[in-house]
Amino acid sequence: MTRADDKLNVLILAAGLGTRLRPLTSEIPKPLVRVFDKSILEIQMERAKSLGDVRLHANAHYLADQIVSEGKRLGFEKVWVEQPEILGTAGPLRRIYAAGYRGGLLIMNGDAYCNFDLGAFVQNARNRCDVALLAVDFPKVNTFRVGADGCLAGVVGRFGATEGVPATFSGISWYSDDALARIRDGEFDIREFWKQEIAAGRAPFVDMSQLHATWIDMGSPEGLMAAVEARLAECGRDKNEAVVEPGVDLPAGVKITHSVIFKGAEIQPGETIENEIRGKDFRWIVNGQ
């Protein structure tokens, strides 16, 4: 059955294992970790809805039941459970296209806090190419090499040119229906698809118009703290404010600044907590990024 109308499909990738944030993510998948007031999954959903009437999808693997339940609560079209193995990045794209969804596909990431102008990105992509990749300037990574034509020339350590303008892939991309049709059954690594597109003379366009927008990988304790700071600022709050997850019972006399407290944290009466992320069975000292 082909679902062909004017709705853009949006896929939020939420199947990762969250290993860098364990034990916080031992009982909750990373896309559902609260960043001040909401999870990254919900925040990304709201960003996607700013585009108008879209179909929301997510994929899930680790603790998938929680993602499925939250997807139903938030009104997702479907949460695609990947079992027994994760399908990589290319696999979920192919799966959605094979199920008959049409209208193009915007990919977002369930473990990055960002605030891009998605409308400008999608419009620019549709006007230029079949595949578009949104880039940021993050010198610690910057594995993209972008040619003079504005298209992807290579990925350091993977394929292609070592010369060109360096940039980092934000995790946000757009694929036309024609591009999705060219992803092969069993394709796993999306970078291999990009390589094939370059070889066929259809190099993905790299949008570098938002290089310095907010983009934070929240996969580490430092990244999670930076994401909380950014969310607090976005909500008009002090970035040094204490963030205490609902349900946490604070003992008398506790003083908390620039810290995040999750359920299960051990806190002593009268304790002073500063520059920490604390929860069940862990305590991270974090000064931010």
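In region 62-88, of all residues being small (Gly, Ala, Ser) and more than 27 Å from LEU232 (Cα to Cα), the one that is surrounded by the most Cβ atoms within 10 Å (Cβ to Cβ) corresponds to ALA64. Flag: ASN59 matches the condition of being over 30 Å from ASP238 (Cα atoms), in contact with a helix residue (DSSP H, G or I) (Cβ under 9 Å, 6 or more places away or on another chain) and among the polar types (S, T, N, Q).
Evaluation of ASN142 against the conditions (1) outside any loop (DSSP other than H, G, I, E, B); (2) assigned by TED's automatic domain parsing to the domain that holds LEU93 shows that the sole unmet condition is (1). Looking only at residues in region 28-69 that are assigned to a loop (DSSP other than H, G, I, E, B) and touching a residue at least 60 places away in the same chain (Cβ under 8 Å), the one that is nearest to the chain's Cα centre (by Cα) is VAL33. Looking across region 15-43, the residues that are touching a Phe, Trp or Tyr at 6+ places or on another chain (Cβ under 9 Å) and not aliphatic (A, V, I, L, M) come down to GLY16, GLY18, ARG22, PRO23, THR25, PRO29, LYS30, ARG34.
Which strands (runs of 3 or more DSSP E) does region 70-125 wholly contain that include 2 or more residues that are aromatic (Phe, Trp, Tyr)?
Because the criterion is at least 2 residues that are aromatic (Phe, Trp, Tyr), no strands (runs of 3 or more DSSP E) in region 70-125 meet it.
Residues in region 148-163 include at least one that is closer than 30 Å to ALA98 by Cβ, out of contact with any Pro (no Cβ under 7 Å at 6 or more places or on another chain) and in a loop (DSSP other than H, G, I, E, B). If I filter region 28-51 down to residues being under 17 Å from ILE172 (Cβ atoms) and touching a Gly at 6+ places or on another chain (Cβ under 9 Å), which single residue comes out as surrounded by the fewest Cβ atoms within 10 Å (Cβ to Cβ)? The residue in question is SER50.
Taking the criterion of being of a type in the set (Val, Ile, Thr) and without any contact (Cβ under 8 Å) to a residue 60 or more places away in the chain, the residues of region 157-214 that qualify are THR162, VAL165, THR168, ILE198. Has region 27-35 got any residue that is at pLDDT 95 or above, under 30 Å from VAL244 (Cβ atoms) and in contact with a Lys or Arg (Cβ under 7 Å, 6 or more places away or on another chain)? Yes: region 27-35 contains one or more residues that are at pLDDT 95 or above, under 30 Å from VAL244 (Cβ atoms) and in contact with a Lys or Arg (Cβ under 7 Å, 6 or more places away or on another chain).
The values are calculated or read from the model by the stated rules, or taken from the named source; none is laboratory data. On a predicted model such as this, the values are computed, not experimentally measured, just so you know. Glycine also receives a Cβ, built like all others from the backbone with ideal geometry; neighbour counts cover every protein chain displayed.
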